[in-house]
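Structure first, commentary second.
The values are calculated or read from the model by the stated rules, or taken from the named source; none is laboratory data. None of the values given here were measured: they were computed from a predicted structure. Here the Cβ positions follow ideal geometry from the backbone for every residue, glycine too, while neighbour counts run over all protein chains shown.
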Amino acid sequence: MSLRKLLAHAATRAPLDRLWGWARRGAVPILMLHRFHPDSDTGPGLRAGLLREALHTLRHRGVSFLALDETLALLQRGQRVPKSVIFTVDDGYKDFFSVALPIFAEFGCPVTVFLTTGFVDGAWQWWDRVTHTFAVTGLDQVTIPFPDGHIAFRRDPPSWAPHPSMLVEQLKSLAEPVRLRALADVETACQVQLPKHPPPAYQSMSWEDIRHAASQGITFGAHTVTHPILSRTDQVQAQQEIINSRDRIHEMLPPPAISRVFCYPNGLPTDFSQREEQILFEAGFSGGLTTTPGYASVGSGSKARGQYRIPRFAFPDSIADLLQITTGVEALKMGLRGKRNR
C-alpha cells in the first residue's frame, strides 16, 4: 500500500475521523450500486457480505441512513443534515430483490431503486445482449461491422473477456438508431439468436417483487424505458424515454413508493444536456442524478437548475475507501485537487 493510501486510511480511523467533518459539512454522499451476488458465488456486482459489513461499519461510526427525496428537499431548502449517506441502485436487476433487499431491511436502510421500465416489462438490457451473445457463441473469431469500419475479436480460450465490455463502451458512443443496428449486427456476426426474454442471470425484478419491496419502504424512480444514452437520441425519443418510464411506474406503484428524482442512463456529463434538464423540469421531477463523483450539498438546487445535475459516488471496492467518502476525507481531497487545477 502506498504512503498516500496509508495516510488516507489512518485519517478515517477513530478518533481522527472526527476532524474531517467540516470538509463535508452541509454535504451528503449519494452512493450508486447496480448488481449484487451471494457470498457463495462470484457473480457480477457487490458481494452480499461486503454490503452487510459496510452497513454495519457505517452504523457503528454513527452515520445515518437517509432517504433520497426527503434529504434532497432539505438540502435544496438550505437545511443541514447529520453525518449521513444515501443509497441508490440503478436498473432493477432481480438480485437487488433476492440478495440486497434483506440486508438493507436488516439495517433499516432506505434505498431508492431506479427502474429501466422496459427491462422490468421483460426486455433485455442492451449491454446484456452483448455479454450473453459472446458467452454462447460457438465461434472463436467474429468480425462486426461498425460505422467507421469492421472490428475483429478473437476468443482467448476459454474466455472472450474483455471484448464484450470494450464493445459495449464503443456502442455507447453511437447515435441511437446506429447503436440498435450495431447490436443486431453483433448477434448476426456471432451467429446467435437470443431468446425474447433474458435468462435468469440477466433478469429484472418483476412488478410483484417491486411492490413487495415498496411495502418494506423501498422507493422507485424513473431510469428511462430502454436505457439509451439520452444525448444520442432525438428530442422525441428523449422525451418519451423519460415520460413513459415515469408514467409506467405511476401506473404500477402507489404514490408513497415513487421517487420524484430521475436517474440519467450512464450519467456522465456528455450523456445528457440542457434538453433533458428542461424535460425533467417540465415533467415535474425534483432532481436528476448523474454519475459524476461528488457530494449533494446545501442549496445544490438553487442555481441554474443544479438539482438536475446531482453527483453520486460509485460504491467503492473497500470499506476503507467508503469511509474516506463518508468521513469527509474525500471531500477534502476533492477540494485540494480543485485548487491545484485552477
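Miscellaneous remarks
- The listed residues are Ile151, Ile86, and the only one of them that is touching a strand residue (DSSP E or B) at 6+ places or on another chain (Cβ under 7 Å), closer than 28 Å to Ile243 by Cβ and of a type in the set (A, V, I, L, M, F, W, C) turns out to be Ile86.
- Conditions (1) β-branched (Val, Ile, Thr); (2) outside any helix (DSSP H, G or I); (3) not assigned by TED's automatic domain parsing to the domain that holds Gly221: number failed by Thr133: (2)
- Selection from segment 163-183 of residues that are among the charged types (D, E, K, R) and closer than 14 Å to Asp271 by Cα: Glu169, Lys172, Glu176
- Checking each residue in segment 143-160 for being exposed (fewer than 12 other Cβ atoms within 10 Å of the Cβ) and of a type in the set (A, V, I, L, M, F, W, C) picks out only Ala152.
- Filtered by the rule that a residue be crowded, with 17+ Cβ neighbours inside 10 Å and in a loop (DSSP other than H, G, I, E, B), segment 101-127 gives Cys109, Pro110, Thr116, Ala123, Trp124, Gln125.
- Of the candidates Ala201, Ala184, the single residue that is surrounded by fewer than 18 Cβ atoms within 10 Å (Cβ to Cβ), more than 24 Å from Ile30 (Cβ to Cβ) and within 22 Å of the chain's Cα centre (by Cα) is Ala201.
- Whichever residue in segment 47-69 is farther than 22 Å from Gly328 by Cβ and of a type outside the set (A, V, I, L, M, F, W, C) and, among such residues, is surrounded by the fewest Cβ atoms within 10 Å (Cβ to Cβ): Gly49
- Residue check, Leu280 touching a strand residue (DSSP E or B) at 6+ places or on another chain (Cβ under 6 Å), surrounded by 22 or more Cβ atoms within 10 Å (Cβ to Cβ) and of a type in the set (A, V, I, L, M, F, W, C): yes
A quick yes/no check of all residues on (1) under 26 Å from Ser173 (Cβ atoms); (2) free of Cβ contacts under 8 Å to residues at least 24 places away in the same chain:
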| residue | (1), (2) |
| --- | --- |
| Thr224 | yes, no |
| Ile229 | yes, no |
| Thr233 | yes, no |
| Val236 | yes, yes |
| Gln240 | yes, yes |
| Ile243 | yes, no |
| Glu251 | no, yes |
| Tyr264 | yes, no |
| Leu268 | yes, no |
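- Matching residues in segment 119-165 - criterion: being out of contact with any Cys (no Cβ under 7 Å at 6 or more places or on another chain) and among the hydroxyl-bearing types (Ser, Thr, Tyr): Thr131, Thr143, Ser159, Ser165
- Test result for Ala135, in contact (Cβ under 8 Å) with a residue 12 or more places away in the chain and surrounded by fewer than 17 Cβ atoms within 10 Å (Cβ to Cβ): yes
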